[in-house]
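*Asks:* Okay, here's the structure, questions in a sec.
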């Protein structure tokens, strides 16, 4: 992300000296490369205190992350120990204060399904938005468009959630029914009835993983688009002008300069969106009906859908004892998964030539 | 979350020095003009032809129904027509370019539709029942049979302001100090701190709530009060403040630091009297962005605060409510679209959205000011 290029600091604390050295043959004088030398600084008490305090501030971040991992493991261990490997393989989720049976497999599957739907919808549109802002939009509106996309990122997820549940859902169920009727061959779109009235009953399609996926897609779209836009905008102007000068069209410039250059941004932006989608809590909690049967989860158009975060949010208030520990353990799994995804995103964005100065 | 275009601010600084600053497209000297009169005519004609074609399809095929289906069929045929007519006039290269332009422009429009729909829903529905009493009443005597004026969000608004204020009080100094550490002091610790700040900004918000619960509430150090909620929010706010502040500090010209050091001032005085004042507006932006990040957070508050129906101005004792919890509770208790709880919910969402918009506009205005310009 950030290049550690605080050149100013380096320049301030070191001094560049052009060393003039007399060569062995005595003539002529040769100028040797500039070599920075460290100046021995003796710092006063105030500076030592200042450095100490800033080190402590920096260390707090390290400490906090370590504490988060430690305490999630500590409090969740009771549940993981109780279930053993079953915690990762069982699909039912019925923890009680004293014990019960539970495993995160179904929750993890539901989380992944919602994230995949969200990504499949959001990434192509995000690429389109980013390309439109950097390549096609008239220069005057570029800034306002960027602002609007950023405003989309500033809307609280709770508001997305209630909008999705109340306004979008009554429309979305018709789309779901249409898809299940005419595109049942598509993986996940085949739908068996819950209510026994046949899959034409609209109620079968309420509170589905598909609905949650759409709303989460709207939420990750501005985040992915912002990353991609920044990376696309850094495609070298010289190469773009070269492509145009050779008679290329805008599409030619995009295909041969912008996209190859910004590939890291596309992958990194998508993965950051994925991280966000996996951890999204409140909107999903309002939209899914939290099924733990895998075949319900796999039929994405049908009532069902689930996620780790939504389960924690919905069942937190009435949990105690082992149930609380189970929820914390599920939170730990989510924490680890999002960390892995985001670390991957950071590596990809950093490795791409264009992403060197991208803020993610 | 890049709520603010810092690369634009950077351009102000870099451009006068002669570099292109890598800010990209705006540096193109030549803006080729593809979209001339013939192109406009082709697109408009394709749109009309597609409309006629779609109407025909809708008369014949009953598979599709509703406005959405009409729109989809129209759009597909429109792009097809644009491609075919362009190809006949200008060949395949221009036709492909036109096709891509239509697709990309549509994607951008598609992304803005939900934004408009959400804002519209919140404004229309929130305003519909809105009464001034909503801002001054609590839910003490309210039930699902009450009238709208018998309930309100006064206690939740006060709670939100206190909780967010407390969170800011904790994470702003820490975040700015961490940014100072990363940018001004550095050292071997800087790399891992920077990496973990990024990792921290990716923590799912509910995990932050779980952490505070596991550490402090479960061990009975704290009760589920407003302060516990503020602690959870400060974990989410810290990385946002740190990262934005770091970007801003990096924009402070090195020459200013060197001048200060060369005049014999210490590192601390340089930071205090030169670096931080120069970056003042940018640092305020960092704070505003941090607040915008957490003001709508619901999940960590559900875990750490639980919420309340009553007014409680003391965040350190007893349960407290916050706007997000208020909206969430009303959503869970509302049974239908036109009930009083649904109206309270939308009114709460309206107030929350207004707060977010105020913060957003503030961040924009401050962010557009140039960082690092010397003041008289």
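The values are calculated or read from the model by the stated rules, or taken from the named source; none is laboratory data. Bear in mind the structure is a predicted one, so any value in this text is a computation, not a measurement. Neighbour counts are summed over all protein chains in view; Cβ atoms, including those assigned to glycine, are modelled from backbone coordinates with ideal geometry.
*Asks:* Residues that are out of contact with any helix residue (DSSP H, G or I) (no Cβ under 7 Å at 6 or more places or on another chain), in a helix (DSSP H, G or I), at pLDDT 85 or above and within 28 Å of residue A:183 (Cβ to Cβ): does the range B:83-104 have at least one?
*Replies:* Yes: one or more hits.
*Asks:* Only one of (1) more than 12 Å from chain A (Cβ to nearest Cβ); (2) without any contact (Cβ under 8 Å) to a residue 60 or more places away in the chain; (3) closer than 30 Å to residue A:309 by Cβ fails for residue B:215. Which number is that?
*Replies:* (1)
*Asks:* Could we say that residue B:252 is in contact (Cβ under 8 Å) with a residue 40 or more places away in the chain, farther than 25 Å from residue B:166 by Cβ and assigned to a loop (DSSP other than H, G, I, E, B) here?
*Replies:* yes
*Asks:* Quick one: residue A:45 ticks every box in (1) within 14 Å of chain B (Cβ to nearest Cβ); (2) touching a helix residue (DSSP H, G or I) at 6+ places or on another chain (Cβ under 6 Å) except a single one, so which number is it?
*Replies:* Only one criterion in (1) within 14 Å of chain B (Cβ to nearest Cβ); (2) touching a helix residue (DSSP H, G or I) at 6+ places or on another chain (Cβ under 6 Å) is unmet by residue A:45, namely (2).
*Asks:* Which one of these is within 27 Å of residue B:363 (Cα to Cα) and crowded, with 17+ Cβ neighbours inside 10 Å: B:288, B:303?
*Replies:* Exactly one of B:288, B:303 is within 27 Å of residue B:363 (Cα to Cα) and crowded, with 17+ Cβ neighbours inside 10 Å, namely B:288.
*Asks:* Going through A:186, A:232, A:205 one at a time, which residue ends up being surrounded by 24 or more Cβ atoms within 10 Å (Cβ to Cβ) and away from chain B (no Cβ under 14 Å)?
*Replies:* Matching residue, one of A:186, A:232, A:205: A:205.
*Asks:* Take the range B:234-258 and flag every residue that is facing chain A (nearest Cβ under 10 Å) and farther than 20 Å from residue B:293 by Cβ.
*Replies:* The answer is B:250, B:252, B:253, B:254, B:255, B:256, B:257, B:258.
*Asks:* Still on this structure, please answer the following. Tell me, which helices (runs of 4 or more DSSP H) lie completely within the range A:68-172 with 3 or more residues that are under 26 Å from the mean Cα position of the chain (by Cα) and farther than 30 Å from residue B:351 by Cβ?
*Replies:* A:86-89, A:105-131
*Asks:* Being at the interface with chain B (Cβ under 8 Å from one of its Cβ atoms) and either more than 30 Å from residue B:83 (Cα to Cα) or outside any helix (DSSP H, G or I) (or both) is true for just one of A:275, A:252, A:344. Which residue is that?
*Replies:* Criteria check complete, one pass: A:275.
*Asks:* Among the numbered conditions (1) at pLDDT 90 or above; (2) within 22 Å of residue A:121 (Cβ to Cβ); (3) away from every other protein chain (no Cβ under 12 Å), tell me where residue B:107 comes up short.
*Replies:* Going through the list (1) at pLDDT 90 or above; (2) within 22 Å of residue A:121 (Cβ to Cβ); (3) away from every other protein chain (no Cβ under 12 Å), residue B:107 breaks only (3).
*Asks:* Quick one: residue A:290 ticks every box in (1) within 14 Å of another protein chain (Cβ to nearest Cβ); (2) outside any helix (DSSP H, G or I); (3) buried (at least 24 other Cβ atoms within 10 Å of the Cβ) except a single one, so which number is it?
*Replies:* Result: residue A:290 passes all but (3).
*Asks:* Kindly establish whether residue B:133 is within 14 Å of chain A (Cβ to nearest Cβ) and assigned to a helix (DSSP H, G or I).
*Replies:* Here the answer is no, as residue B:133 does not meet what is asked.
*Asks:* While we're looking at this one, here's another question. Looking at the range B:315-346, which of its residues are farther than 18 Å from residue B:141 by Cα and free of Cβ contacts under 8 Å to residues at least 24 places away in the same chain?
*Replies:* Within the range B:315-346, B:331, B:332, B:336, B:337, B:338 meet the criteria.
*Asks:* Right, something else. Exactly one of these conditions fails for residue B:145: (1) within 16 Å of residue A:155 (Cβ to Cβ); (2) not in a helix (DSSP H, G or I). Give me its number.
*Replies:* Among (1) within 16 Å of residue A:155 (Cβ to Cβ); (2) not in a helix (DSSP H, G or I), the lone unmet condition for residue B:145 is (1).
*Asks:* If you don't mind, there's one more thing I want to ask. Could you grab the pairs with beta carbons closer than 8 Å, sequence gap of 6+ or different chains, first residue in the range B:112-126 and within 7 Å of chain A (Cβ to nearest Cβ) and in contact (Cβ under 8 Å) with a residue 60 or more places away in the chain, second one part of a helix (DSSP H, G or I) and exposed (fewer than 15 other Cβ atoms within 10 Å of the Cβ)?
*Replies:* Listed by first residue and then by second, the contacts come to nothing, as the list is empty.
*Asks:* Would the range B:182-199 turn up any residue that is crowded, with 22+ Cβ neighbours inside 10 Å, touching a helix residue (DSSP H, G or I) at 6+ places or on another chain (Cβ under 9 Å), free of Cβ contacts under 8 Å to residues at least 24 places away in the same chain and more than 27 Å from residue B:280 (Cβ to Cβ)?
*Replies:* Scanning the range B:182-199, I find no residue that is crowded, with 22+ Cβ neighbours inside 10 Å, touching a helix residue (DSSP H, G or I) at 6+ places or on another chain (Cβ under 9 Å), free of Cβ contacts under 8 Å to residues at least 24 places away in the same chain and more than 27 Å from residue B:280 (Cβ to Cβ), so the answer is no.
*Asks:* Right, something else. Out of the range A:150-181, which residues are more than 7 Å from chain B (Cβ to nearest Cβ), closer than 26 Å to residue B:344 by Cα and free of Cβ contacts under 8 Å to residues at least 24 places away in the same chain?
*Replies:* A:170, A:171
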